[in-house]
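Structure record follows, encoded as structure tokens.
Derivation of every value follows stated rules applied to the coordinates shown; laboratory data play no part. For clarity, every value in this text was computed on a predicted model and none was experimentally measured. Heads up, the Cβs are rebuilt from the backbone with ideal geometry, glycines too, and the neighbour counts pull from every protein chain shown.
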Amino acid sequence: MITSINDFKNPFFIGIAGSGMSAIAQYLKGIGKNVSGSDRFFVVGEYNETKEKLEQEGIACFPQNGDGILAETDLIVASTAIEDTVVEIQKAKQLCIPILKRSELLAIIASSKKTIAVGGTSGKSTTSAMVYEVLEYAGLKPGIISGAGLTSLIKKGKIGNAIAGSGDWLVIEADESDGSIVQYKPEIGLLLNIDKDHQEIDELIRIFGIFKNNSRIFVTNQSHSLAKQFSQNIKLDFATEENINTGYVAVGFYQNGFAIQFKVNGVDFTLQSPGRHNMENAVAAVAVANNIGVSLETCAAALKNYEGIYRRNQIYGQKHGVILIDDYAHNPVKCAAAINANKPIAPKLIAWFQPHGYKPTKFLREDFVKEIAAALRDDDEIWMSEIFYAGGTAVKDISAADLINDIRQLGKKAFFVEHRNDFLNSARPHFTDDCVLLLMGARDPSLESFAKQVWDNL
């Protein structure tokens, strides 16, 4: 039975190319474990960037055929997408090797360090990265296990979503979508927000309540109507309105191009990440860092150099007057925040969005329509391609065209183009000499290549 980080030496990851799995694999390699893994995307003779970067870290990678599971393998880690019928699961059972889900192993890892767990329905990856960068700048040598690659780590040739760190602190992204957040017992729990996403509000409140009770110190957002009810001590919390009497207050928001400026408790901050939501993410990170002894001035110096994370308002550049931006936004609040963050950049914004999953899209239909329509200016446009289908037995009883029709009924400029490869040619007559083209979507691993394709052909 695996209950401690010391109970295994040779873990094998099934589905290691996934962002969550690769992060844990890299972390374990960084603390001295002999890590290996497989993925269905690893094909003999075919180049795979993730495989190459994992191998550069000393992680042995195999096709998903069972060859990588050896006599000395003492733990199998399986992603949630791996079914019991997979040959490697069957082999592990035959060899009586313990099998853990990713979230179970992450909980074990978290218990081995002084952990900061970042929770909420939006902003977890960005805020986790900000906390990490502040602590790193302060010389605390933290570790991080995240769902997205940090630009500062990607520049060093890494995947960027994990590093072991030699200090006492570990920053993790605590996922509420599968309920795994309730497994963590962090030194510090951080709650950013609670918005309808994968689950109903009542269930989210229940889950975050357990998260709070499991955290020794709990920091929450006093500016969010649902999150503030979980306050443990208002002096630990943060807000973005000066009339709220709490520990850390961000005020004076100003955006110039992609840069934002604001003050936290009288200290000036400048950040190269647009939008009020990034001010909110930043003050959350500051609240956590200051509570463990990092000065506000050090926080400001660290965040001035913050370089962002992969596919979070990732700026490709400008061609023919069009500024291309790629973003991970995938729920109603995130889509609206991405649109609002980029409106100051140009007088016109054209957003393209690929919803993911038929069930979640149907669940969030009204929210998508309301949030996106409210964010669009008169000249702005929203385009959607058909819902991303990941396989399985999903009932295809809704189309992205339904959302577009609903938004159009609210008087906004909305267009449906079924196949995303047809989007650029369809939208090109709508481009102006000064506009933003914002691509949004998640869960589909090919979205990165789609953004590159759009950039190449812009």
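The stretch 148-173 and the stretch 224-283 have Cα centres lying 24 Å from one another. Spin-label model, Ala301/Thr85: points 7 Å from Cα along the beta carbon direction are separated by 5.8 nm. So for the stretch 138-269: antiparallel DSSP bridges make up what percent, rounded to the nearest 5? Taking every DSSP beta bridge with both residues in the stretch 138-269, the antiparallel ones total about 50 percent.
Loop sites by DSSP among the GluC sites (Glu not before Pro) of the chain, restricted to those with at most 11 other Cβ atoms within 10 angstrom, leave 243-458 as the longest stretch without any of them.
Working from Cα pairs under 8 Å separated by at least six residues, relative contact order for the chain is 11 percent. In the list [x] 178; [y] 142; [z] 196, the label attached to volume of the Cα convex hull per residue in Å³ as derived from the coordinates here is [y]. Taking only the Cα atoms of the stretch 314-457, the ratio Rg/Rh comes out at 0.93, with Rh defined as the Kirkwood radius. So what's the gap between the Cα centers of the stretch 432-458 and the stretch 322-396, to the nearest angstrom? Distance between centres, Cα-based: 13 Å.
Percent relative contact order of the stretch 5-100, based on C-alpha pairs within less than 8 angstrom and at least six residues apart?
Relative contact order for the stretch 5-100 comes out at 31 percent.
Spin-label pair Glu55-Val267: with each label point 7 Å from Cα along the Cα-Cβ axis, the two points sit 4.5 nm from one another. Between Asn245 and Lys319, the contour length at 0.36 nm per residue exceeds the alpha carbon distance by 22.1 nm. Placing pseudo-labels 7 Å out from each Cα toward the beta carbon at Val395 and Arg428 gives an inter-label distance of 4.1 nm.
Most simply put, the chain has about 25% antiparallel DSSP beta bridges, counting only bridges with both residues inside it. For the stretch 205-220, the residues whose backbone nitrogen is under 13 Å from a point 7 Å from the Cα of Lys114, taken along Cα to Cβ, are 217.
Given their separation in residues at 0.36 nm each and the Cα-Cα distance between them, Ser446 and Arg276 gain 58.3 nm when the chain is fully extended.
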